[in-house]
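Have a look at the structure below before the remarks.
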Amino acid sequence: MEIVNVVAGVTVIGLFSIWLALSVASQIIPDRVHAMFPRLSVFGLIPAWTFFAPRPGVHDIHLLYRDRSADGTVTGVMYIPTIPGRRWFHFIWNPRKYENKILADCIASLFEQLHALKKSDRDLRAILLSSSYLTLLNIVMHMPPSSGAEARQFVIAENARGRRLNDRHISFISEFHRFEGVLV
């Protein structure tokens, strides 16, 4: 029985050592490691940490929306708060961080899909059927409508980190979508 425990222990230590070596190597030569072990990469078993990314995030991204009434009047843009106030313990425990992560991932995916559509010279309206567009639209459509609103449009804006909100650059403007059938 003792030899079985030793063999099991050596096997577990060996597997974790290989995993650690692959994880370290994937930070140094990520393309080669992920090409050599595609199945492990697909399942996320080989991590891709970007502590010191080649292009770190230098912009804050904001999701905004505006409503249009039946007579064509458009409201000013309204801000969906995405970055809650930071507390001293958030570097250890921040249960609401996933909300910002979902929003950031959807926006990044939307821009990647738009880039792919432009590159392949396809109709950009195909983005309306993407999961990232529909997720952002769902978030925006569930905000309380202004009085008399019949349709809503969302806007993605960026500003350099640390700059005022008024100093925004518009990155994307959606079409107007009617409120029919939306449960608010």
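Every read-out reported here was derived from the displayed coordinates using simple, explicitly stated rules and does not represent laboratory data. Worth saying up front: this structure is predicted, and the values here are computed from it rather than measured. Every residue, glycine among them, receives a Cβ derived from its backbone with ideal geometry; neighbour counts consider all protein chains shown.
Within the shell defined by Cβ-Cβ distances under 15 Å, the residues around Met78 carry a net charge of +3, with Lys and Arg each +1 and Asp and Glu each -1.
For region 59-178, what percent of Cα pairs sit more than 25 Å apart? Mind showing how you got there, number by number?
Working: 2175 of 7140 pairs.
Taking all Cα-Cα pairs of region 59-178, the fraction more than 25 Å apart is 30 percent.
In square nanometres, what is the average projected area of the Cα convex hull of region 2-42? Mind showing how you got there, number by number?
Working: hull surface 12.4 nm².
Average of the hull's projected areas for region 2-42 equals 3.1 nm².
Where nothing but the Cβ of Lys and Arg (+1) and of Asp and Glu (-1) is charged, how large is the charge dipole of region 59-178 around its Cα centre, in debye to the nearest 20?
Values: 17 positive and 12 negative charges, 87 e Å.
It comes to approximately 420 debye.
Under a 5 Å amide H cut-off, with hydrogens placed 1.01 Å from N, Met143 pairs with nothing among residues at least 5 apart or on other chains. FRET efficiency for the pair Asn159 and Phe16, taken as 1/(1 + (r/R0)^6) with r the Cβ-Cβ distance and R0 = 30 Å, rounds to 0.10.
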